[in-house]
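A short reminder: the numbers here are calculations on the coordinates, not readings from a lab. Please read these numbers as outputs of a predicted model, since none were measured by experiment. When we count neighbours, we look across all protein chains shown, and the Cβ atoms used for this are built from the backbone with ideal geometry, even at glycine.
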Amino acid sequence: MNLGLATTYIIGGLMLLSILAYNYSLFNSTVETTSSVITQSKLDNIVSILQNDLNRIGYDRGISDAFVMAEDSAFIFRGNIFDNDGSDDFDLVEWAVTSELDTATTNPNDIVLIRKWNQTPSIPANEIEFRYSVRDFEVNYYDIDGNVPAQLDDIVQVEVEVLVESNEPYLTKKDGTELYYRSYWKRRIVANNLIY
């Protein structure tokens with residue numbers, strides 16, 4: 001066999017392998033970047049609505065009776081969510097994470113986060129429900145001094161943690177483990193409408 005021809009095949013084969021490896025790496029990087037952008041956008045949508053709601057706790061309602069319920073994974077409050085919307089004196093808003101798996105995604109870790117809003121609580125049929133896909137949702141409550149409140153009327157600060165994952169895995173390892181891109185948000189908001 002001709003040594004020059006054999007060397008050409010070896011060098012050509014190595015170049016082909018390096019091009020294939022580069023393409024594989026580029027593909028994985030693109031998938032991960034796309035997953036991260038989509039996941040961050042999903043989180044941003046939840047956070048923008050959540051922050052608006054949290055800043056409206058007790059708005060146009062007064063200090064007492066702002067919170068109807070406050071638990072680790074759910075809360076219900078009264079407040080005027082949108083000005084001049086022709087609603088009753090207050091809106092009733094509920095955020096709650098369920099144990100229900102979100103079947104709209106292939107991610108087995110996704111559960112359903114529900115936001116219920118009723119601008120006319122006197123008419124329960126007017127309630128509107130929104131559903132979001134999250135991995136985790138936790139809420140902590142504090143009084144004006146940053147301590148755990150003794151009762152609902154003492155709550156002035158609300159700390160919320162939201163964890164979302166991509167709907168699809170960005171990488172599947174050789175052992176079958178699927179990796180999902182994560183995006184996390186944590187914020188403590190002082191409900192200025194509740195400070196007396």
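Stretching Gln40 away from Lys174 to a fully extended chain increases their span by 45.6 nm, per 0.36 nm per residue minus the current alpha-carbon distance.
Shown for the chain: lysine pairs separated by 8 or more places, or found on different chains, whose C-alpha atoms are under 27 Å apart, numbering 4. Using every pair of separate Cα atoms, the Kirkwood estimate puts the hydrodynamic radius of segment 98-156 at 14.2 angstrom.
Between the helical axis of 3-55 and the longest alpha-carbon principal axis of the chain there is an angle of about 0 degrees. Computed over the alpha-carbon pairs of the chain, the distance histogram in 10 Å steps reads 8, 27, 24, 16, 9, 6, 4, 3, 2, 0 percent, short to long.
Under a 5 Å amide H cut-off, with hydrogens placed 1.01 Å from N, Asp110 pairs with Asp102 among residues at least 5 apart or on other chains.
Relative protection proxy for 103-112, 154-163, 4-13, 46-55, from highest mean packing down: 154-163, 46-55, 103-112, 4-13 (other beta-carbon atoms within 10 angstrom). Spacing of the modelled spin labels on Asp72 and Ser18, each 7 Å from Cα toward Cβ, amounts to 5.5 nm. You can think of it this way: the chain between Ala150 and Ser29 has 38.6 nm of extra reach, that is 0.36 nm per residue less the Cα-Cα gap.
In summary, the convex hull built on the alpha carbon positions of segment 107-196 has an orientation-averaged projected area of 8.8 nm². Placing R0 at 22 angstrom, the Cβ-Cβ distance between Ile114 and Asn52 gives a FRET efficiency of 0.85 after rounding to 0.05. The amide H of Tyr181, built 1.01 Å from its N in the peptide plane, has Ser166, Tyr170 as neighbours under 5 Å, considering only residues 5 or more places off or on other chains.
Given R0 = 45 Å, the distance between the Cβ atoms of Ala104 and Asp143 translates into a calculated FRET efficiency of 0.75.
Counted over all Cα-Cα pairs of segment 154-196, pairs farther apart than 14 Å make up 63 percent. Computed over the alpha-carbon atoms, segment 12-70 gives an Rg to Rh ratio of 1.53, Rh here being the Kirkwood radius from the mean inverse distance.
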